[in-house]
Amino acid sequence: MLKLENAQIAQGDFRLRADFTLEPDRKYAVIGPSGAGKSTLLSALCGFVPLSEGRMLWKGEDITSAVPGARPMTMLFQDNNLFPHLSVLQNVALGLRPDGQIKQGEKDVVLDALARVDLAGYAQAKPGALSGGQQSRVALARVLVQARPLVLLDEPFAALGPALRNEMLDLVSGMAAQTGAALVMVTHAPEDVRRIADEVIFVEGGRAHAPRPAAALMDNPPPELRAYLG
């Protein structure tokens, strides 16, 4: 369980407040207007952006000042963050060791993750030789090997076509179901919310609102959400 307690994120004149709890084995969609602070919220959860007020608790332990690597989460970015000069295996191995120097047992973990994302035969390929969907799968395999209880996704599949995006969303959702990880996904697409989200965190007007059931919220949105959805 991750709790933001009277938290505020401040960057220049920008302010975003949040006070809510994220539960394990739940899938959260983060939606809201451009510039509202959705990506900033995820960056604060990961520790890339500090809280200016309040605190963050993981299972009751204060992790407000913990460095990103010491937090119980991993993040999948829009650009996948793959290194073009490294092989697929080496890129995924970075999820286990930043220097990439893995032992045989760890290599087996990497190969298993690649098999789970249907890339078993691509371990020695370079990212440039892969399609966009395959590159997304490599990034997802790197998330898998880290085995963190929270997985944050900052629109990693936005550049993919609808069919491939749905395929990746289903893959991520299945991964979360297998591991019991909580998913927190930034998206602009209402169809993504309906496809995989249990709850919605609506970000607008300087606040990340507490999660609400996705289906009920999307079927009967409050005025500010209805205005955003059009």
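The values are calculated or read from the model by the stated rules, or taken from the named source; none is laboratory data. Everything numeric in this text was worked out from a predicted model, so none of it was measured. Ideal geometry is used to build each Cβ from the backbone, glycine not excepted, and the neighbour counts take in all protein chains shown.
Here is a yes/no grid of residues against (1) part of a helix (DSSP H, G or I); (2) in contact with a helix residue (DSSP H, G or I) (Cβ under 8 Å, 6 or more places away or on another chain); (3) at pLDDT 90 or above; (4) of a type in the set (Val, Ile, Thr):
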residue: 159; (1), (2), (3), (4): no, yes, no, no
residue: 177; (1), (2), (3), (4): yes, no, no, no
residue: 183; (1), (2), (3), (4): no, yes, yes, no
residue: 202; (1), (2), (3), (4): no, yes, yes, no
residue: 216; (1), (2), (3), (4): yes, no, no, no
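Just one of (1) assigned by TED's automatic domain parsing to the domain that holds residue 19; (2) without any contact (Cβ under 8 Å) to a residue 60 or more places away in the chain; (3) not charged (D, E, K, R) fails for residue 101. It is (1).
Looking only at segment 175-190, filter to residues that are β-branched (Val, Ile, Thr) and in contact (Cβ under 8 Å) with a residue 40 or more places away in the chain; which one of those is farthest from residue 157 (Cα to Cα)?
So the residue we want is 184.
Residues in segment 137-157 that are under 25 Å from residue 2 (Cβ atoms), touching a Phe, Trp or Tyr at 6+ places or on another chain (Cβ under 9 Å) and part of a helix (DSSP H, G or I): 139 alone.
Return the residues of segment 32-41 that are crowded, with 23+ Cβ neighbours inside 10 Å and either free of Cβ contacts under 8 Å to residues at least 24 places away in the same chain or within 13 Å of the chain's Cα centre (by Cα) (or both); say none if nothing qualifies. Listed by number, the residues that qualify are 38, 41.
The set of residues from segment 191-226 being closer than 17 Å to residue 166 by Cβ and touching a residue at least 40 places away in the same chain (Cβ under 8 Å) comprises 192, 193, 196, 197, 214.
Would you check if residue 195 is assigned by TED's automatic domain parsing to the domain that holds residue 26, part of a helix (DSSP H, G or I) and either of a type in the set (D, E, K, R) or closer than 12 Å to residue 30 by Cβ (or both)?
Numbers: assigned by TED's automatic domain parsing to the domain that holds residue 26: yes; part of a helix (DSSP H, G or I): yes; either of a type in the set (D, E, K, R) or closer than 12 Å to residue 30 by Cβ (or both): yes.
Answer is yes for this residue.
Keeping to segment 19-33, report how many residues are assigned to a strand (DSSP E or B) and more than 16 Å from residue 154 (Cβ to Cβ).
3
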